[in-house]
Amino acid sequence: MLILMCLLTLLSLLYYRLSRKERVDLPGPGLCIPLLGHYKLFLQGSDNIKGIWNLYKQYSKQGVMLLNVFGMNNVIVGDFYVLKELFNNPDVANRGHVEFGKCNFIQKFNEDRGDPPGPLSGVIFSQGRAWVEQRRFTLKTLRDFGFGKSSMEETIHDEVRQFIVYLKNCTNTPVDIARKFNLPILNALWKIMVGESFEYTDPKLEKLLNDLGEFARRFGSPSTVLVLNYPWLFKIFPTLLNRNKDIEFMREIMLMMNKCIEQHKLTLDVNSPKDVIDTVLIEIQNTKDELSSFYQNKGYNNLVNTMLELFVAGSETTSTTLTWAVLYMIREPEIQSKVQAELDRVVGTSRLPSLSDRSQLPYTEAVLMEIQRCGNIVPNGVHHMASRPIQINGVTIPANTMISPCMSEIMKGDYWGDGLVFRPERFLDESGTLKSDERLIPFSIGKRRCLGETLAKTEYFLFFTALLQQFSFMPEISGTVPSETYVPGASILPIPFKTIVKPRY
C-alpha cells in the first residue's frame, strides 16, 4: 500500500511538471492532479461558469490564468484589453492544433458529424485558408440575400406579426416563454438560408428546434471535455455519458441539412439562385482550384457544416437573449413601463417599430444593451488557439494552447462598479443620450467576431420592441419574480419560468 501511494505521488509530481512545461510563467490555481487537472475548479460547485470566474478573480495575473481541466490546458482571459489584443492577432485565429491529427477537438467534431478525417469544415470552427474563404463568401452571400438591407427587416417583420398572433392566443394564462422564441427566430433564418418557412405547428420545425437545443446544451457539458481529452475511453465504452446519443442526434441534424441540399440540387437554376444554398452550390460547380474549400466534396461538406453552425449560433443565441429580456422585464416592471412609454411616444400603435426608429429610442436601446450585459449568454465565448508562442504582458502563451474569454469578468466585473445590478442608465449620459462601452462584447471581438451579428441585432431589436409595444409581461404569481439562476452550458438559459402575457390594447 505504501509503495502504491509513493508511486501515485511520483506520478502526480511528474504530471504536474509536464503539465507546466512551457507554461511556468502562466498563473494558475495551484496543483494539477493527474487525469483531473486543477482540482480547485471541482471545489467550486456544479456551476463551472461561476467557478471559473471565482478562480480567475483569485489567481489571475496580468489578465490571464491557466486552467487545466481533465488534462486540457486553457488560458482564461478576463482583461478586456488583453483579450482585444489577442483576438485581433492573426496568430491567435485558429480553433485547433495546426496539425489536425494531433487535435482531439477536431477529431471529436469530425466523428460527431460523420465527416472524414482532416481539418474542420464550416465557418465557425474551420481555420486557415478554409476559414477565410468560407467566412468571406458567407458574409457576401448573406448580404446579397438581405443582411443589413430593408428586405431583411421585412422578412423579420413577417415573423414578428405571426408571433404576435401566436402570443395573443396565449394571453392571460401562464406561458413558458423560454422555447417560444425559437420558433420565429429559426423561421427567419431558415427562410434566408433555405428559401422557405415553417408553420409553427410543423413537426419538422419542432424536431429541428429540439435537436439544435439539445446540441447547444450538450456542447457545454462536462462530458464534452472528457471526450476531448480521453477519446480512447469512449472507444472502449461507447455508451458512457450517452456519447452514442450525442453522435446519433448530431448526425440526424446533418442528415436533415443534407436533404435540403439534395433538394436544392434538383431545382438549381444557375442563372437565378433563390437562396443561400443555391448560391453556394453554384460556387461549388464553378470552383476548379483543388485546394479551395469549395472544391467538389470539400465544398458540399463545408456547406452542410456552415448550415449547421449558422442555425445553432443564429437561432439559439438570439432566442436565449430574448428569453432573458422577458425575464428582466418581469423583474423590473418600472423599466418595462419606461420602455413602453418611449415606444408609445416615438412609434405609437398604428405600426410596428422599425430600425429607423432606433436613434429616437435611447432608453430602449440602453435596456437592450443591459440585457445583453447581464444575460451574458455565452460566458466562456468560443475559444481561439495560438498557432505560435504568443507573448503578452510579460507572459508567454505556448503554441497550440486554447484561449478563452472570461466574459463574466469582462461584462460584469469590477470595471462596472455594480456589475451584478440591472441598471440600463449606465449606457446613458446625463442628457439621456445613448453611450456605448467597448467592453460590451456579446458578439465577441476581433477577427473571428460573430458573423451573424447584423442579423442578431436586427432580430433582437425588432422582436423586443414589437412585443413590448403590444404586450406587458407579468409574473405568473403576483409578487414572485423569476430567478436569474440559469442552466450552465455553452450558452446559458434561465431556469424555466412562466409569465402572464397581457395585451396592452
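Couple of notes before you dig in:
Residue by residue, here is whether (1) within 19 Å of Gly71 (Cβ to Cβ); (2) β-branched (Val, Ile, Thr); (3) touching a strand residue (DSSP E or B) at 6+ places or on another chain (Cβ under 8 Å); (4) in a helix (DSSP H, G or I) holds:
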position: Glu196; (1), (2), (3), (4): no, no, no, no
position: Thr201; (1), (2), (3), (4): no, yes, no, no
position: Glu206; (1), (2), (3), (4): no, no, no, yes
position: Leu212; (1), (2), (3), (4): no, no, no, yes
position: Ser223; (1), (2), (3), (4): yes, no, no, yes
position: Val227; (1), (2), (3), (4): yes, yes, no, yes
position: Leu233; (1), (2), (3), (4): yes, no, no, yes
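- Residue ID - nearest to Phe181 (Cα to Cα), chosen from residues in the stretch 266-306 that are among the basic types (Lys, Arg) and either touching a residue at least 12 places away in the same chain (Cβ under 8 Å) or buried (at least 19 other Cβ atoms within 10 Å of the Cβ) (or both): Lys274
- Filtered residues of the stretch 99-138 (kept if under 19 Å from the mean Cα position of the chain (by Cα), of a type outside the set (Val, Ile, Thr), closer than 16 Å to Cys450 by Cβ and not in a loop (DSSP other than H, G, I, E, B)): Trp131, Gln134, Arg135
- Scan of the stretch 250-265 for residues that are crowded, with 16+ Cβ neighbours inside 10 Å and more than 16 Å from Leu310 (Cα to Cα), ordered by number: His264
- Within the stretch 474-490, residues that are in contact (Cβ under 8 Å) with a residue 60 or more places away in the chain sit with their Cβ atoms under 7 Å from residues that are assigned to a loop (DSSP other than H, G, I, E, B) and polar (S, T, N, Q), at 6+ positions apart or across chains, in these pairs: Gly489/Ser221.
- Options Glu309, Glu316; residue that is surrounded by fewer than 22 Cβ atoms within 10 Å (Cβ to Cβ), under 16 Å from the mean Cα position of the chain (by Cα) and closer than 22 Å to Glu453 by Cα: Glu309
- Condition met for Val175 (more than 25 Å from Asn242 (Cβ to Cβ), touching a strand residue (DSSP E or B) at 6+ places or on another chain (Cβ under 7 Å) and in contact (Cβ under 8 Å) with a residue 24 or more places away in the chain): yes
- For the stretch 343-371, the set of residues classified as of a type in the set (S, T, N, Q), touching a residue at least 12 places away in the same chain (Cβ under 8 Å), assigned to a helix (DSSP H, G or I) and surrounded by fewer than 21 Cβ atoms within 10 Å (Cβ to Cβ) consists of Gln360 only.
- Exactly one residue among Ile335, Ile403 is in contact with a helix residue (DSSP H, G or I) (Cβ under 9 Å, 6 or more places away or on another chain) and in a strand (DSSP E or B), and that residue is Ile403.
- Residue count for the stretch 431-468, restricted to those that are without any contact (Cβ under 8 Å) to a residue 40 or more places away in the chain and more than 27 Å from Tyr81 (Cα to Cα): 1
- Subset of the stretch 452-498 (residues that are among the hydroxyl-bearing types (Ser, Thr, Tyr) and in a strand (DSSP E or B)): Ser472, Thr480, Tyr486
- Single residue of the stretch 228-249 satisfying the filter (modelled with pLDDT of 85 or more and buried (at least 19 other Cβ atoms within 10 Å of the Cβ)) that is nearest to Leu186 (Cα to Cα): Arg243
The values are calculated or read from the model by the stated rules, or taken from the named source; none is laboratory data. Predicted, not measured: the structure shown is a model, and the values here were computed from it. Note that we place each Cβ from the backbone using ideal geometry, even for glycine, and neighbour counts take in every protein chain shown.
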